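Asks: Mind having a look at this structure? Questions to follow.
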């Protein structure tokens, strides 16, 4: 009797496996796997393009920050130079 139960279990298990193969996952052909590889490559290119874009944005922000700091320093130096020139002119006039 246990043999009969095991045999029935095996048949049911095999039927379930066949049903999964028939409905769940059809066999992929060569072209399907090629499309998957191509999609993977497109995603990789898109990710690389996106990361390049962020690098360019970060570089632009850094460049703008350094330009702002340079302009502030140049403004400070120009004011300092103007003050020195003013003091020099007043001493020459006396």
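Asks: Can you give the FRET efficiency for residue 41 and residue 65, using 1/(1 + (r/R0)^6), R0 = 41 Å, r = Cβ-Cβ distance, to the nearest 0.05?
Replies: My answer for the efficiency is 0.70.
Asks: Between residue 58 and residue 78, what FRET efficiency follows from the Cβ-Cβ distance if R0 is 41 Å, with the result rounded to 0.05?
Replies: Working from the Cβ atoms, E equals 0.85.
No value in this document is a laboratory result; all are computed from the given coordinates. This structure is a prediction, so every number in the text was calculated from the model and none was measured. Cβ sites come from the backbone with ideal geometry, for glycine too, and all protein chains shown count toward neighbours.
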